[in-house]
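The structure appears right after this line, and notes come after that.
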Amino acid sequence: MKIVEIEESALKKGKELAKENKKLLDEKGIIAFDVMGSVGSGKTSLIKWLVRKLKNRYKIGMVAGDLTTEFDAKRIEEEHIPVVQAHTGRVCHLDPGLVRKAILNLPLDNIDILFIENVGNLICPAAVPLGVHKEIVVTSVTEGPYMIKKHPYMFQRVSYVAINKIDLQEAMNVSVEQLKEDLKEINPDAPIFGINGITGEGVDKLIQCMSFQL
Amino acid sequence: MHEFSTVKNIVEKVTEVAEKEGAKEITRLEIELGELTLLEEEQIRFWLEMMLSQTELGKSTEVVLNRISGVIQCNICGYKGGLETTGMDHYFPILKCPKCESHDLKVIEGDDCIIKSLEIED
């Protein structure tokens, strides 16, 4: 009978990969954003607006994460920026290894800002850091009034929150102001903005807030 | 949630270590599970026992799971200690200083899953 001490993290691999991604992005002078949110919350719409509004000032690249399809990547390709699609298969979130493979297929020397669109999911992506600089979460009024209350782990760790589909708040009987209060309780430092992913309303305010990063 | 892939990492590591030690059997495995990971204890136990039972050395391993509470240090008031859940009716602790309510914290303990040790028959 013998005791063998191991004292090793079972989560080490993922953490190290994320660190390596961050190192690579820093070396290339790229600021990277992980954009998370539920299925259909408006992640791609927000990214499309951000790209439209920023691409004249900055060189932008994108990694689109999805299970097996390419709808999101194609929507951003319409903006004529380099996009790589990452497929997770049946996995419900991007992981740093997959992201690394994707970003190595981008022209990194020619990119200032990288948007990574995560798989639609408010739970798992929060537990799997990709090695980015900032995290944005998109929630929408059509998800009901409890999204922030129900997912504190996600919302308390992100840098920016966008509440999408604000034009539908009355129809949905959801208060954007209440959602802002819910966020303040767990993450008072994160700016939170109401946006309309179709018209682009509210996106300028988000960009203004992000500007100190850019 | 990611119990399966975490357990896969654990089983790979412990079988590698046990084989290196020339073990005939892994009699006991000790794991520390931090409350601030999103890993659910019963699922970790389930997958561990299942995956170990499918290895040569792990057919009758006793799995010991120790739960580690979250410990934070507040960068504003210096408080060092545990966290509180809010009255929001869920079980995950909110990362907020219980003393001064600042969110400017450093996590000292409880955000990892550590493979502590093996007991082997050699």
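FYI, it's all coordinate maths here, none of it is from the lab. Note that the coordinates shown come from a computational prediction; the quantities given were computed from them, not determined experimentally. Because the Cβ atoms are built from the backbone with ideal geometry, glycine has one as well, and the counts that use them run over all protein chains shown.
If a cysteine in chain B has no other Cys Cβ under 4.7 Å from its own Cβ, put it on the list, ordered by number.
Lone cysteines by the Cβ rule: B:CYS113.
If we count every other residue with Cβ under 13 angstrom of A:ALA73's Cβ, Lys/Arg +1 and Asp/Glu -1, where does the sum land?
Working: positive: A:LYS43, A:LYS48, A:LYS74, A:ARG75; negative: A:ASP66, A:GLU70, A:ASP72, A:GLU77, A:GLU78, A:GLU79, A:GLU117.
Local charge sum for A:ALA73: -3.
So what is the 222 nm mean residue ellipticity for chain B from helices alone, if each DSSP H run of at least 4 adds -39500 (n - 2.57) and you divide by all residues, rounding to the nearest 500 deg cm²/dmol?
Values: 2 runs with 31 residues, N = 122.
The helix contribution divided over chain B gives -8500 deg cm²/dmol.
What relative contact order, as a whole-number percentage, does chain B give when Cα pairs under 8 Å and 6 or more residues apart are counted? Working shown, then result.
Working: 232 pairs, mean separation 42.7, N = 122.
It comes to 35 percent, rounded to a whole number.
From the residues B:GLY78, B:PHE4, B:LEU65, which one has its Cα farthest along the dipole of chain B in the positive direction, the dipole being from +1 and -1 charges on Cβ of Lys/Arg and Asp/Glu about the Cα centre?
So the residue we want is B:GLY78.
Within 10 Å, count the other beta carbons around each residue, average over each peptide in B:94-103, A:19-28, A:191-200, and list them highest first. Don't jump to the answer; show the numbers that get you there.
Details: B:94-103: 16.6, A:19-28: 14.9, A:191-200: 18.3.
Answer by packing, highest mean first, reads A:191-200, B:94-103, A:19-28.
Charges on Cβ only, +1 for Lys and Arg, -1 for Asp and Glu, centred on the Cα centroid of segment B:1-110; of B:MET51, B:PRO98, B:ALA23, which one is farthest towards the dipole's positive end?
Of the candidates, B:PRO98 comes out farthest on the positive side.
Put +1 on the Cβ of every Lys and Arg and -1 on every Asp and Glu Cβ in chain A; which of A:PRO82, A:LEU122, A:LEU46 then has its Cα farthest towards the positive end of the dipole?
A:PRO82
Once the Cα atoms of helix B:3-20 and of chain B are each reduced to a long axis, what angle between those two axes, in degrees from 0 to 90 to the nearest 10, is obtained?
Around 50 degrees separate the two axes.
Once every DSSP H run of n ≥ 4 in chain A is given -39500 (n - 2.57) and the sum is divided by its residues, what mean residue ellipticity at 222 nm do you get, rounded to the nearest 500 deg cm²/dmol? Could the numbers behind the result be given before it?
Working: 9 runs with 74 residues, N = 214.
It lands at -9500 deg cm²/dmol.
Can you compute the charge dipole magnitude of segment A:11-117 about its Cα centre, using +1 on each Lys and Arg Cβ and -1 on each Asp and Glu Cβ, nothing else charged? Give it in debye, rounded to the nearest 20. Don't jump to the answer; show the numbers that get you there.
Working: 19 positive and 15 negative charges, 45 e Å.
With only Lys, Arg, Asp and Glu charged at Cβ, the dipole is about 220 debye.
Check the straight Cα-Cα distances from A:LYS205 and name the lysines below 16 Å, setting aside those fewer than 8 residues away within the same chain.
A:LYS48, A:LYS53, A:LYS165, A:LYS180
For A:HIS80 and A:ASP189, calculate 0.36 nm times their separation in residues minus their Cα-Cα distance, and state this gained length in nm to one decimal.
35.8 nm
In debye, nearest 20: dipole of the protein assembly as shown around its Cα centre with unit charges on the Cβ of K, R (+) and D, E (-)?
Details: 41 positive and 54 negative charges, 232 e Å.
My answer is approximately 1120 debye.
Under 15 Å from the Cβ of B:TRP47, count the other residues' Cβ atoms, weight Lys and Arg +1, Asp and Glu -1, and hand me the total. Please list the in-between numbers first.
Working: positive: B:LYS8, B:LYS13, B:ARG45; negative: B:GLU3, B:GLU12, B:GLU40, B:GLU41, B:GLU42, B:GLU49.
Once positives and negatives cancel, what remains is -3.
If you wrap a convex hull around the alpha carbons of chain A, what volume per residue comes out, as a whole number of Å³? Walk me through the numbers on the way to the answer.
Working: hull volume 31.5 nm³, N = 214.
For chain A, the hull spanned by Cα atoms encloses 147 Å³ per residue.
Using only atoms on other chains, find how many Cβ atoms lie within 10 Å of each Cβ of peptide B:111-119 and report the average.
Details: counts 1, 5, 4, 7, 7, 5, 5, 5, 4.
Mean partner shielding for this stretch: 5.
Rank the residues B:MET51, A:MET36, A:MET147 as a footprinting-exposure proxy: fewest other Cβ atoms within 10 Å of their Cβ go first. Mind dumping the intermediate values first?
Values: B:MET51 17, A:MET36 29, A:MET147 22.
The order, fewest Cβ neighbours first, is B:MET51, A:MET147, A:MET36.
Using Cα centres only, tell me the gap between segment A:173-214 and segment B:106-122 in whole Å.
That distance is 39 Å.
For segment B:41-122, which chymotrypsin sites (Phe, Trp or Tyr not before Pro) are in a loop by DSSP, counting at most 16 other Cβ atoms within 10 Å?
Hits after loop and neighbour filter: B:TYR79, B:TYR91.
Would you work out the charge dipole size for chain B about its Cα centre, treating the Cβ of every Lys and Arg as +1 and the Cβ of every Asp and Glu as -1, and quote it to the nearest 20 debye?
Values: 13 positive and 25 negative charges, 76 e Å.
Charge dipole of chain B: 360 debye, to the nearest 20.
How far is it, in nm, from the label point at B:GLN43 to the one at A:ASP112 when both lie 7 Å from their Cα along the line to the Cβ?
About 4.1 nm, to one decimal.
Please compute, for peptide A:5-18, the average count of beta-carbon atoms on other protein chains lying within 10 Å of each residue's beta-carbon. Write down the numbers at each step before the final one.
Working: counts 6, 12, 5, 8, 9, 20, 11, 6, 5, 4, 1, 0, 0, 0.
Average per residue, whole number: 6.
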